[in-house]
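Okay, structure first, notes after.
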Amino acid sequence: MSNLRILVATKRVVDYAVKIRVNAAGSAVETANVKHSMNPFDEIGTEQAIQIKEALAKSKTGTAEVVVVSCGPAKAQETLRTALAMGADRAIHVDSEEDLQPLAVAKLLKAVVEKEKPDMVILGKQAIDDDSNQTGQMLAGLLNWPQATFASKVELGDKSMTVTREVDGGVETIKTPLPAILTTDLRLNVPRYASLPNIMKAKKKPLAKFAAADLGVDIKPRLQTLKIAEPPKRQGGKLVESVDDLVDKLKNEAKVL
Amino acid sequence: MSTPTRYRVIALYKQLSYLGREYPAGADYFHKKLKGAFMKNKDLTDPSEIQKRIDLGDYVCKEIEAMYHINKYRAMKKRYYEDAEVENIQAKLENTNWAQGSSSSATQSSPRQ
């Protein structure tokens, strides 16, 4: 009988459908009064953990506890409530008003891992606001754990997992012992939509809060944003009269030939 | 309407209302349609008719969830994954003879002639 503890890391980001704008000062993306939601890759991670739990329960070969964690300001708890409504068992909020960069988040997650002692940590491959694609890898480095990134399929074995990864030019299948880090790719699963009864139930599930400062971790940012600008506006298209005209334009104006 | 059915209808209305908040055409538009659809059927008494409407409501819930998922999936795929078709067309454009012989193309005749 295997009893797994799965830790899922989630992040509250600007909703994917929002048309973002640079703020008036030109220093960052405008996030005030803008719709936020859980990072789509983290939704896939939460869904994967819950599917593992349900598969173990269905085959009666073990149990799993799904613990979700999020590092950020008070509003990060909204993301945790969403994950609890999807089916996670309990939540941990690492509270910090500071700007947390991937290295800081990885260090905070390491402290949580040392407290919770999970058998696997699932993260989204990247957050859609900063697109760093670093936290999972850095956490694996700090913990000295194996990592399987860009997972599109996961099978659990006895104290091991076999993961199919999406890489440039194809897929790769690897096997790693547990405990290990997993980061999710888009094709891993289809996240469920939380129903209203489950959202009500989630309010009763435990949510623990730790202050980032209490975890004894250096979370000072290492990177400084110098400039943020919107991409250049798209130029209008041109109509061409003939094939010769097209070739001429491609060669002389667009300079692609 | 019996009490358990009444409860199911109200739960269905609440679930659709919750799903409709993110409706692309607008939460207000969705809410108007939702209220209209439920009000139109409020005087039904035949249990099998009521059950048919509830099943339709469940079906609409699933449709909306599927639509939300497809929209998100397509947006993520477009942003993070190179379109293989675009790459193929790019490669073909670069391999045409009028692209490759660019230094001597002034003396080459166009394909039409």
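To test your reading of the geometry: what angle, between 0 and 90 degrees and rounded to tens, separates the Cα axis of helix A:102-116 from the longest principal axis of chain A?
10 degrees
So which of A:153/B:92; A:35/A:205; B:35/B:62 end up more than 22 Å apart by C-alpha?
Pairs exceeding the cut-off: A:153/B:92; A:35/A:205.
Between residue A:222 and residue A:174, what FRET efficiency comes out of the Förster formula 1/(1 + (r/R0)^6) with R0 = 22 Å and r the beta carbon distance, rounded to 0.05?
0.15
Need the full-extension length gain, residue A:229 to residue A:28, defined as separation in residues times 0.36 nm minus the C-alpha distance. One decimal, nm.
71.5 nm
So, with +1 on the Cβ of K and R and -1 on the Cβ of D and E, and no other charges, what is the size of the charge dipole of the protein assembly as shown about its Cα centre, to the nearest 20 debye?
1220 debye
By average Cβ neighbour count within 10 Å, what is the ranking of A:123-136, B:61-74 from highest down?
A:123-136, B:61-74
Please compute the net charge surrounding residue A:213, taking Lys and Arg as +1 and Asp and Glu as -1 over other residues with Cβ under 14 Å from its Cβ.
Result for the neighbourhood of residue A:213: -2.
In the range A:223-257, what trypsin sites (Lys or Arg not before Pro) fall in a loop by DSSP, with at most 12 other Cβ atoms inside 10 Å?
Counting only loop positions with at most 12 other Cβ atoms within 10 Å, the trypsin sites (Lys or Arg not before Pro) in the range A:223-257 are A:227, A:233, A:234, A:238, A:255.
Within the range B:1-33, list the residues whose amide N lies under 18 Å from a label point set 7 Å along Cα→Cβ of residue B:46.
Those under the cut-off are B:1-2.
Residue farthest toward the positive end of the dipole of chain A, with Cβ of Lys/Arg at +1 and Asp/Glu at -1: which of A:56, A:174, A:164?
The listed residue farthest towards the positive side: A:56.
Through the Karplus equation 6.51 cos²θ - 1.76 cosθ + 1.60, θ set to phi - 60°, convert the phi angles of the range A:64-71 into ³J(HN,Hα) values in whole Hz; use x for Gly and Pro.
Taking θ as phi minus 60°, the curve returns 9, 10, 9, 10, 9, 10, 9, 10 Hz for the range A:64-71.
Have a look at the DSSP beta bridges in the protein assembly as shown and tell me what percent are antiparallel, nearest 5.
35 percent
If you fit an axis through the alpha-carbon atoms of helix A:40-59 and take the longest principal axis of the Cα set of chain A, what angle between them do you get, 0 to 90°, nearest 10?
40 degrees
Rounded to the nearest 10 degrees, what's the angle between the helix A:76-86 long axis and the longest principal axis of chain A, both from Cα atoms, 0 to 90?
That helix lies at roughly 70 degrees to the long axis.
Rounded to the nearest 20 Debye, what is the dipole magnitude of the range B:3-91 about its Cα centre when Lys and Arg each give +1 and Asp and Glu each give -1 at the C-beta?
So the magnitude is around 500 debye.
Exposed loop GluC sites (Glu not before Pro) only (DSSP loop, at most 16 other Cβ atoms within 10 Å): please give the longest stretch of chain A free of them, not including the sites.
Answer - A:99-240.
Too long at a 21 Å Cα-Cα cut-off: which of A:11/A:203; A:203/B:14; A:238/B:78?
Checking Cα-Cα distances, A:238/B:78 exceed 21 Å.
Once you've got the GNM for chain A with C-alpha springs shorter than 10 Å, pick whichever of A:102, A:221, A:232 has the biggest mean-square fluctuation.
The residue with the greatest mean-square fluctuation here is A:232.
How would A:15, A:245 line up from fewest to most surrounding beta-carbon atoms within 10 angstrom?
The order, fewest Cβ neighbours first, is A:245, A:15.
Per residue of the range A:204-219, in order, report the coupling 6.51 cos²θ - 1.76 cosθ + 1.60 (Karplus, θ = phi - 60°) as ³J(HN,Hα) in whole Hz, putting x for Gly and Pro.
In residue order, the calculated couplings are 8, 6, x, 10, 9, 10, 10, 7, 4, 4, 6, 7, x, 10, 7, 10 Hz.
Which of the aspartates and glutamates could a cross-linker bridge to residue B:33, judged by Cα under 14 Å and excluding same-chain residues fewer than eight apart?
Residue B:33 reaches no qualifying aspartates and glutamates.
Explain nothing, just compute: Karplus ³J(HN,Hα) = 6.51 cos²θ - 1.76 cosθ + 1.60, θ = phi - 60°, for every residue of the range A:240-257 in order, whole Hz, x for Gly and Pro.
10, 8, 8, 4, 4, 4, 4, 4, 4, 5, 5, 7, 8, 8, 7, 6, 9, 10
Describe numerically, in nm with one decimal, the distance between label points set 7 Å from Cα along Cα→Cβ at residue B:17 and at residue A:204.
For residue B:17 paired with residue A:204, the spin-label model returns 2.2 nm.
Values in this text are rule-based calculations from the coordinates and carry no lab data. Remember, predicted model here, so these are calculated numbers, not experimental data. In this analysis, Cβ positions are derived from the backbone assuming ideal geometry, glycine residues included, and neighbour counts consider all displayed protein chains.
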